[in-house]
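Colleague: Quick one: the structure is below, and I'll ask about it shortly.
Every read-out reported here was derived from the displayed coordinates using simple, explicitly stated rules and does not represent laboratory data. Treat the numbers as computed from the prediction; the structure is a model and nothing was measured. Backbone-built Cβ (ideal geometry, glycine too); neighbour counts: all protein chains shown.
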Amino acid sequence: MAKTQHSQHYYYNVNHPTFTNSTASLFLPLAILLPLGAFLFLLSGFTLAITITAIILAAPLFLIFSPLLLPLAILLGFVLTGFVASGALFVTGILTFEWLAGYLRRIGWPEQLEEAKRWTNDVASHVAKRTKEHVVSKAQE
């Protein structure tokens, strides 16, 4: 069975009546996008020139204050890392408790909790009985 190939494009249908190859439909995007692109290109060049000027003016200050700025930058990095780690651990803890609460609700934890209490009481009474027997036997010896 052979696959049929369609001549339709994914983004537009060339056979649709609103799609025409007139010069107006080709000129309108060009008229809008060309000035916008030129303005953005000019703005990027202006931003690059200001950034280079700022680096040239700030370089002597960085050189003079580098013995102070480097330890401060390292300290700031440690502090920010600590805050980010603290926040991440807090969110992880909250999500863990939320997951645990949902899990316990799904498995019917009140019944299992009562069963665990009964088992703990049985074990505790057995241990108390064995301890009492052991203490009495040692006392008799």
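Colleague: Would you mind computing, in nm to one decimal, how far apart the modelled labels at ALA54 and PHE90 are, each placed 7 Å from Cα along Cα→Cβ?
Modeller: Here the answer is 3.0 nm between the modelled labels.
Colleague: Apply the Karplus curve 6.51 cos²θ - 1.76 cosθ + 1.60, θ = phi - 60°, to the phi angles in the range 117-131 and return the couplings in whole Hz, x for Gly and Pro.
Modeller: Running phi through 6.51 cos²θ - 1.76 cosθ + 1.60 with θ = phi - 60° gives 5, 4, 5, 5, 5, 4, 5, 5, 5, 5, 5, 5, 5, 5, 5 Hz.
Colleague: If you don't mind, there's one more thing I want to ask. Give the residue from ALA85, ALA101, SER137 lying farthest towards the positive end of the charge dipole for the range 71-141; charges sit on Cβ (+1 for Lys and Arg, -1 for Asp and Glu) and the dipole is referred to the Cα centre.
Modeller: Of the listed residues, the answer is SER137.
Colleague: Between rounded, prolate and oblate, where does the range 68-141 land on the alpha carbon gyration tensor, with a ≥ b ≥ c its root eigenvalues, rounded for a/c under 1.5, else prolate if a/b exceeds b/c?
Modeller: In terms of gyration-tensor shape, oblate.
Colleague: Given labels modelled 7 Å from the Cα in the Cβ direction, how far is it in nm from SER66 to ASN121?
Modeller: Rounded to a tenth, the inter-label distance reads 7.5 nm.
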